[in-house]
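Okay, structure first, notes after.
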Amino acid sequence: MAARLVPVQRPDGFWNVNLGDPADHPGPETSGTAFFTYGLAWGIRAGVLSAATYKPTAVKAWDGMVRVALQSNGRLGYVQGAGQQPSDHQPVGRNDTWNFGVGAFLLASSEVANRDDGEPISSSPVTRTVTPSRASNGIRSSDPI
């Protein structure tokens, strides 16, 4: 599956909702991209995927999500909603988010940062913080989890 993902990745790092037809619901979609990024990064770390072959694809996806979908207020956008078919939640926009998309992004971030050799997959780690005035639960970025 990994080999088939590489050629259908978009120039911005995302994958389209429909991998076989880029014109069907075009635009960035974060949850699928995050799950693919997680899988690729895990495969590289576990030694089942070649870093030379798949690291550029994982980096491109991670960098795209950080650049496009992750907003300065901490919100993750461009997450297609749950439904019976992709058209149930189209078009996907900057402010569209769902918990499963955020979970997928966190899974991807854990693998992008979690290299056995101490070397992260990407040079673009998440460095944005949510200020206390914007955090709805009052937790500051400096608070221990």
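The values are calculated or read from the model by the stated rules, or taken from the named source; none is laboratory data. It should be emphasised that the depicted structure is a prediction, and the values quoted were computed from it without experimental measurement. We place every Cβ from the backbone using ideal geometry, glycine too, and count neighbours over all the protein chains shown. We work out accessible area using only protein heavy atoms, side chains counted, and drop any ligands, DNA or RNA first. Shrake-Rupley method; radii C 1.70, N 1.55, O 1.52, S 1.80 Å.
Taking label positions 7 Å along the Cα-Cβ direction at both Q85 and A46, the computed distance is 3.3 nm, reported to one decimal.
By accessible area of protein heavy atoms, probe 1.4 Å, what ranking do R75, R10 get, highest first?
The ranking, largest first, comes out as R75, R10.
The H on the amide N of L70, modeled in the peptide plane, is under 5 Å from the matching H of G77, each at least 5 residues off or on a different chain. Between M1 and Q71, the FRET efficiency from the beta-carbon distance, with R0 = 30 Å, is close to 0.50.
Roughly how many percent of the accessible protein surface of segment 1-86 is carbon and sulfur, given a 1.4 Å probe and a whole-percent answer?
Carbon and sulfur: 55 percent of the exposed surface of segment 1-86.
Here the Karplus curve 6.51 cos²θ - 1.76 cosθ + 1.60, taken at θ = phi - 60°, turns the phi angles of segment 77-91 into couplings of x, 6, 9, 5, x, 6, x, 6, 8, x, 5, 5, 9, 10, x Hz, with x standing for Gly and Pro. At a probe radius of 1.4 angstrom, the accessible area of segment 1-121 per residue rounds to 50 square angstrom.
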